[in-house]
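Below is one structure, written out as structure tokens; comments come after it.
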Amino acid sequence: MDADMLPDGLVIADETGTVVCFNTAAARITGTRPEDALGKHIADALPLEDLAGRRWWVCTDPYGGLGTRTRQPERNLLLGGREILVTAAYERVDGPRSALARLVVSLRSTDARRRIERGHSDLIATVAHELRSPLTSVKGFTATLLAKWERFTDEQKRLMLETVDADADRVTRLITELLDISRIDAGRLQLNRQIVDMHDAVLRHVRALECTGPAPFVVVVDGELPRMWLDSDKLDQILGNLLENAVRHGAGTVTIEMRAVSIGAAPGEDGTEITVSDEGPGIPEELLDRVFTRFWRGNRRGGTGLGLYIVKGLVQAHAGSIGVERAAGGGARFRFTLPAAMPDVLR
Ligand SMILES: Nc1ncnc2c1ncn2[C@@H]1O[C@H](COP(=O)(O)OP(=O)(O)OP(=O)(O)O)[C@@H](O)[C@H]1O
Ligand SMILES: [Mg+2]
């Protein structure tokens, strides 16, 4: 195989320590050109130091050291100030304890790992912040009630307990959302598919929302819809989030349109497309991509900003797609498509 096709840096030195292979990835990671490394001694071509500033080749001494050693485990080392992850394999042709025939060194950039680590600590900071505000309120109200129980009227006590109750719900919801996210991110989302009537599902949500508020809903079904084979709880989560957003962040009439679409090249690969449009302020053009990222929220009325991230993860878990655009009336229009994914027996 061509060493230049490897994603990791590969450096090989022969039995004298002379570099005989220095692939493209090694050049990119070290910033050294292959022609400047080839033919040099490994210690000069790759002057690695450990984090304490010791010269790594002197410390590990692959050509002189212990004859039983076959490898060096992955280590974080420095090369001219850059951090690099390094592993090495010692090839001994005449079995253990014989002289080193080849030294194979693999190099990996730490950038990707750094990015992930930074992402994780950002996430932890945001989560901690989101959990702290409802818990501060729970603690504040319970402490006040316990200290001054007799001084409050029943009405005041009820009001405080209602706030505590709502904040406890917020914490529970946030934790449920975080668990969903960790499943989505790890690709461990389980789908329990069953036959689902999408029209029924939409009507159920609309009826439930009409009970709680005045927002008028219009449901339009264009033609006949295919029978869908989906996880109905996940569909409920998708619809619940999009309709709640349309009511909370949008305004006016919320229109839900549904139609059959053909997805992919193969005939029979049917699916359903649903759009949810409102007549509110919409989402500014330059922010359209951002709404699906986690913890992004646009205005004061925003919740935790996880809703659309989860919606997108759930749609994608069904091999569907989702996007947002400007509705004809100026509001936001979310459009998602789910493949029918019928099992063969039901076709
Ligand atoms: N229909 C809409 N009209 C205008 N803005 C919207 C609409 N839907 C979403 N947004 C914007 O996108 C942001 C992200 O939405 P998302 O559902 O992810 O989070 P959220 O509703 O703020 O909180 P959560 O859903 O986690 O309670 C919202 O804060 C809002 O600014
Ligand atoms: Mg939301």
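The values are calculated or read from the model by the stated rules, or taken from the named source; none is laboratory data. Please read all numbers here as calculations on a predicted model, not as lab measurements. FYI the Cβ positions are ideal-geometry reconstructions off the backbone, even for glycines, and counts take in every protein chain you see. Calculation scope for accessible area: heavy atoms of the full protein, side chains included, ligands and nucleic acids excluded. Shrake-Rupley method; radii C 1.70, N 1.55, O 1.52, S 1.80 Å.
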**Study point:** 10 Å-binned pair-distance histogram of the chain (Cα, whole percent)
**Key:** 5, 17, 19, 15, 15, 15, 10, 4, 1
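Express the C-alpha Rg of segment 46-146 as a ratio against the empirical globular expectation 2.2 N^0.38 Å, rounded to two decimals.
Working: Rg = 24.1 Å, N = 101, 2.2 N^0.38 = 12.7 Å.
Normalised Cα radius of gyration, segment 46-146: 1.90.
Taking only C-alpha pairs under 8 Å that are 6+ residues apart, what is the relative contact order of segment 160-247 in percent? Kindly include the intermediate steps, with their values, before the conclusion.
Details: 41 pairs, mean separation 31.1, N = 88.
Averaging sequence separation for qualifying contacts and normalising by length gives 35 percent for segment 160-247.
Quote the convex hull volume per residue of segment 60-103, based on C-alpha atoms, as a whole number of Å³.
68 Å³
Given a 1.4 angstrom probe, what's the average accessible area per residue across the chain, in square angstrom? If you can, show how the numbers build up before the last one.
Details: 19770 Å² over 347 residues.
For the chain, the per-residue accessible area is 57 Å².
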Revision key, fill the gap. Summing -39500 (n - 2.57) over every DSSP H run of at least 4 in the chain, dividing by its residue total and rounding to the nearest 500, the 222 nm mean residue ellipticity is -12500 deg cm²/dmol
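Can you give the FRET efficiency for L179 and D289, using 1/(1 + (r/R0)^6), R0 = 30 Å, r = Cβ-Cβ distance, to the nearest 0.05? Walk me through the intermediate numbers first.
Values: r = 26 Å, r/R0 = 0.86.
Calculated transfer efficiency: 0.70.
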Revision key, fill the gap. The ³J(HN,Hα) series, computed from each phi in segment 33-40 with the Karplus coefficients 6.51, -1.76 and 1.60 at θ = phi - 60°, rounded to the nearest Hz and given as x for glycine or proline, is 6, x, 5, 7, 9, 4, x, 8
Exercise for review: Could you pull out which residues in segment 157-174 have an amide N less than 20 Å from a spot 7 Å beyond the Cα of W149, following the Cα-Cβ vector?
Suggested key: 157-165
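If I compute solvent accessible area with a 1.4 Å probe over the protein chains, what percent of it on the chain is carbon and sulfur?
Values: 10390 of 19770 Å².
Answer for the chain is 53 percent, counting heavy atoms of protein chains only.
To check you understand DSSP bridge types, tell me what percent of the beta bridges within segment 177-280 (both residues inside) are antiparallel, rounded to 5. Please list the in-between numbers first.
Values: 12 of 18 bridges.
Beta bridges within segment 177-280, antiparallel portion: roughly 65 percent.
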Revision key, fill the gap. Amide H proximity to T272 below 5 Å, modelled H, separation 5+ or other chain, gives V261, L338, A340
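Which of the peptides 273-283, 169-179, 228-238 is most tightly packed, and how do the rest follow, going by the mean number of other Cβ atoms within 10 Å of each residue? Spell out each step's value before the answer.
Numbers: 273-283: 21.5, 169-179: 14.5, 228-238: 19.9.
Highest mean packing first, the order is 273-283, 228-238, 169-179.
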Exercise for review: Take the alpha carbon atoms of segment 1-95, find their radius of gyration, then divide it by 2.2 N^0.38 Å using N residues; give the quotient.
Suggested key: 1.05
Practice item. Averaging sequence separations of C-alpha pairs under 8 Å and six or more residues apart, then dividing by the length of segment 61-150, give the relative contact order as a whole percent. Key: 19 percent
Exercise for review: Hand me the tally of lysine pairs in the chain: alpha carbons under 27 angstrom apart, and the pair either on different chains or 8 or more positions apart.
Suggested key: 4
Review point. Which values of log₁₀ I(q)/I(0), to two decimal places, follow from the Debye formula for segment 193-346 at q = 0.08, 0.14, 0.18, 0.20 Å⁻¹ with a uniform point scatterer at every Cα?
Key: -0.22, -0.67, -1.10, -1.34
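Compute the relative contact order of the chain as a whole-number percentage, counting only Cα pairs closer than 8 Å that sit 6 or more residues apart in sequence.
Details: 549 pairs, mean separation 36.4, N = 347.
Over the chain, the number comes to 11 percent.
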Check your understanding: Under the classification rounded if a/c is under 1.5, otherwise prolate if a/b is larger than b/c and oblate if not, where does segment 177-232 fall, given a ≥ b ≥ c as square roots of the Cα gyration tensor eigenvalues?
Key -> oblate
